[in-house]
Amino acid sequence: MTKLTFTVPWDCLCSDNRKFLSGKFILSQEYRAARELMAVHAKIAMKKQKWVVPQGKLKLTVVVVEPDHRKRDLNWSKATKDSLTHAGVWSDDSQVRWELWQSDKVDKAEAGAVITVETL
């Protein structure tokens, strides 16, 4: 089984806040910045871990550490998968066939996420 694991800061996690206006999707500046930042972290990890882009089915696991106790929806999936596609982690996010998001820790100093992509 091939595996890529890396950590991203809280600023990389952005909800899917695209807006549909005038027949097209508009991405917010926050969304674009988070996507670019996560892509940078992913590319560094890919190079360091000698990641070869897989062609088959994948498993995505994300363990989130939140900065505070505010209520949040765990709706970071689309933005995260878009970022990882943008970085070249996989050919297409349709390869993700198993996905798990976990968030049960709060720590302002460690806020962010550990992302793991594995072949199935």
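The values are calculated or read from the model by the stated rules, or taken from the named source; none is laboratory data. Values in this document were obtained by computation on a predicted structure and should not be read as measured data. Virtual Cβ from ideal backbone geometry, glycine too; neighbours counted across all protein chains shown. Side chains are part of the model used for accessible areas, which takes the heavy atoms of the whole protein and leaves out ligands, DNA and RNA. Shrake-Rupley method; radii C 1.70, N 1.55, O 1.52, S 1.80 Å.
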- Take the stretch 67-78 and flag every residue that is open to solvent by 40 Å² or more (accessible area, probe 1.4 Å) and in contact with a Ser or Thr (Cβ under 9 Å, 6 or more places away or on another chain). Arg72, Asp73, Leu74, Asn75, Lys78
- Do you know which residues across the stretch 100-109 are under 9 Å from Val65 (Cα atoms) and either open to solvent by 90 Å² or more (accessible area, probe 1.4 Å) or acidic (Asp, Glu) (or both)? Asp104, Asp107, Lys108
- Considering residues of the stretch 20-66 that are among the small types (Gly, Ala, Ser) and in a helix (DSSP H, G or I) only, the residue most open to solvent (accessible area, probe 1.4 Å): Ala33
- Taking Glu118, is it charged (D, E, K, R), in a strand (DSSP E or B) and open to solvent by less than 40 Å² (accessible area, probe 1.4 Å)? yes
- Message: Looking at the stretch 5-19 only, could you name the residues that are open to solvent by 80 Å² or more (accessible area, probe 1.4 Å) and at pLDDT 75 or above?
- Response: Thr7, Asp11
- Query: If you go through the stretch 79-99 one residue at a time, how many are open to solvent by less than 70 Å² (accessible area, probe 1.4 Å) and either in a helix (DSSP H, G or I) or over 25 Å from Leu27 (Cβ atoms) (or both)?
  - Reply: 11
- Out of (1) at pLDDT 95 or above; (2) surrounded by 13 or more Cβ atoms within 10 Å (Cβ to Cβ); (3) out of contact with any Pro (no Cβ under 6 Å at 6 or more places or on another chain), the one Gly112 does not meet is (3)
